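Right, one structure below, let's go through it.
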Amino acid sequence: MGKCMIVGCGGVASVAIHKCCQNSEVFEEILIASRTKSKCDALKEKLSGGKTKIHTAQVNADSVDELVALIRDFQPDVVLNLALPYQDLTIMEACLATKTHYVDTANYEPPETARFEYGWQWAYRERFKEAGLCALLGSGFDPGVTGVFAAYAQKHQFDEIHYLDILDANGGDHGYPFATNFNPEINIREVTAKGSYWEDGRWVETEPMEIKREYDFRQIGKKDMYLLHHEELESLAQNLKGIRRIRFFMTFGQSYLTHLKCLQDVGMTSIEPIDFQGRKIVPLQFLKAVLPDPASLGPRTVGKTNIGCIFQGVKDGKPKTYYLYNVCDHQECYREVGSQAISYTTGVPAMIGAMLVMNGTWNKPGVWNMEQFDPDPFMDALNRWGLPWVEDFNPVLVD
Ligand SMILES: NC(=O)c1ccc[n+]([C@@H]2O[C@H](COP(=O)([O-])OP(=O)(O)OC[C@H]3O[C@@H](n4cnc5c(N)ncnc54)[C@H](OP(=O)(O)O)[C@@H]3O)[C@@H](O)[C@H]2O)c1
């Protein structure tokens, strides 16, 4: 069918690229463009031999000019941004300059401020609309599939959804005392930030990790989970009619939290540059360099993830509860694509989002969040491409 340019070649990109190659009818040609070309070449070497034709290139995705030159040369139908949130705006600019559709998995965040919000990318709505281009934001699992689950529940199960709890559980064990499952810098910025949830039309802010609950997850068991701010709350609060409260919880083990607290206490998670032996360094970036590369956790991680949404609302005048979730096994992911489940659960929806934009199923001019499209084709694709979902019509609720 067409050509896709993938920016970045880390944990998530590696899964998405494996999946594009499995889906060669749609992804006839891909260009893997990232900062470190040797990683792109190694992946090309591993995956060559299939039907998808793979190209590689070095690119600094902070440079609109470099991106534009590469896009002009390769002429993809869509650019799939799997670099870091810092690159979202330069890649969107390059897509506008070259009249190319855009897909990503995480919303923009300025490097110098740990504050992510959709405002920066929503500001591009008119420009994408006028150019007749589609930008699909947040096509990972959370954000991503969580928005699709919400749209599916809204379409098929409820007249009105009043309460939504998004639960992200990782029952995996990688054997390290401390490691993050995706980019450490982005992960630590996210979990050390203040928490917040949406209630009765306004944001309620909490201290980091202030709100804790225990939940018994299917196929994982009981886990402590903590309320975080998460980007899909922002779009779902606008797009789910009648919603009264949306919360996001993520599980963390005690070892992770104890290490994180020590690292915070000694200043290692700071993003303020410091002088070190005559040069400026950012402590969090230095910490990233000494932590295990998330892409290397695959062979050592055992256990499962369970990510899903619990909805409460009304259908035909009666109260109703509904839980939609996916369980993913770290070792099965590793056997299939050489990555653990966190990268897998993000990389598969990234490929699906790019596919639906490319084949026109989810393609309209403007800048869109996941829940703004018909969820059915995406739900079918999840079952087909490795993330089957489960429904529970009588879930235990979070208090
Ligand atoms: N929605 C979700 O469910 C979800 C879940 C997890 C992660 N994510 C998002 O997925 C994205 C990728 O995460 P990841 O764990 O795969 O991260 P990662 O392993 O650190 O990979 C990031 C890749 O981007 C490349 N890169 C960084 N800056 C670049 C630049 N200026 N120019 C070109 N390439 C650049 C890196 O190059 P090097 O190889 O040279 O470092 C690396 O290959 C992140 O935005 C993350 O927030 C979303």
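Against the test of being under 30 Å from GLN254 (Cβ atoms), surrounded by fewer than 22 Cβ atoms within 10 Å (Cβ to Cβ) and modelled with pLDDT of 95 or more, the options ARG218, ARG127 yield a single qualifying residue, ARG218. Close contacts from the range 1-29, counting a first residue that is of a type in the set (D, E, K, R) and a second that is within 11 Å of the ligand (Cβ to nearest atom), with Cβ to Cβ under 6 Å and a gap of 6+ residues or different chains, come to LYS19/VAL348. Inspection of the range 97-117 identifies at least one residue that is over 15 Å from SER235 (Cβ atoms), in contact with an Asp or Glu (Cβ under 7 Å, 6 or more places away or on another chain) and buried (at least 19 other Cβ atoms within 10 Å of the Cβ). Consider ALA153 carefully, then state whether it is small (Gly, Ala, Ser) and assigned to a helix (DSSP H, G or I). Taking the combined requirement at face value, the residue satisfies it. Beta carbons closer than 8 Å, at least 6 apart along the sequence or on distinct chains, pair a first residue in the range 81-110 that is touching a residue at least 12 places away in the same chain (Cβ under 8 Å) and on the phi > 0 side of the Ramachandran plot with a second that is more than 9 Å from the ligand (Cβ to nearest atom) and assigned to a helix (DSSP H, G or I) for LYS99/ALA131.
Note on the range 223-249: among residues that are under 16 Å from ILE310 (Cβ atoms) and more than 21 Å from the chain's Cα centre (by Cα), the one that is surrounded by the most Cβ atoms within 10 Å (Cβ to Cβ) is ILE243. Can you find a residue in the range 212-224 that is farther than 26 Å from PRO111 by Cβ, among the aromatic types (Phe, Trp, Tyr), in contact with a Leu (Cβ under 9 Å, 6 or more places away or on another chain) and assigned to a strand (DSSP E or B)? Yes, the range 212-224 has at least one match.
With respect to CYS333, is the statement that it is in contact with a strand residue (DSSP E or B) (Cβ under 6 Å, 6 or more places away or on another chain) and surrounded by 16 or more Cβ atoms within 10 Å (Cβ to Cβ) true? So CYS333 fails the test.
If you filter the range 156-200 down to residues that are β-branched (Val, Ile, Thr) and in a strand (DSSP E or B), you find that the one that is nearest to ARG115 (Cα to Cα) is ILE166. Going through the range 1-39 one residue at a time, which ones are in contact with a helix residue (DSSP H, G or I) (Cβ under 8 Å, 6 or more places away or on another chain), polar (S, T, N, Q) and within 16 Å of the ligand (Cβ to nearest atom)? If the condition is that a residue be in contact with a helix residue (DSSP H, G or I) (Cβ under 8 Å, 6 or more places away or on another chain), polar (S, T, N, Q) and within 16 Å of the ligand (Cβ to nearest atom), then SER14, SER34 are the ones that fit.
The values are calculated or read from the model by the stated rules, or taken from the named source; none is laboratory data. In this text, all values refer to a predicted model and were calculated from it rather than measured experimentally. A quick note on method: Cβ atoms are made from the backbone with ideal geometry, for glycine too, and the neighbour counts reach across all protein chains shown.
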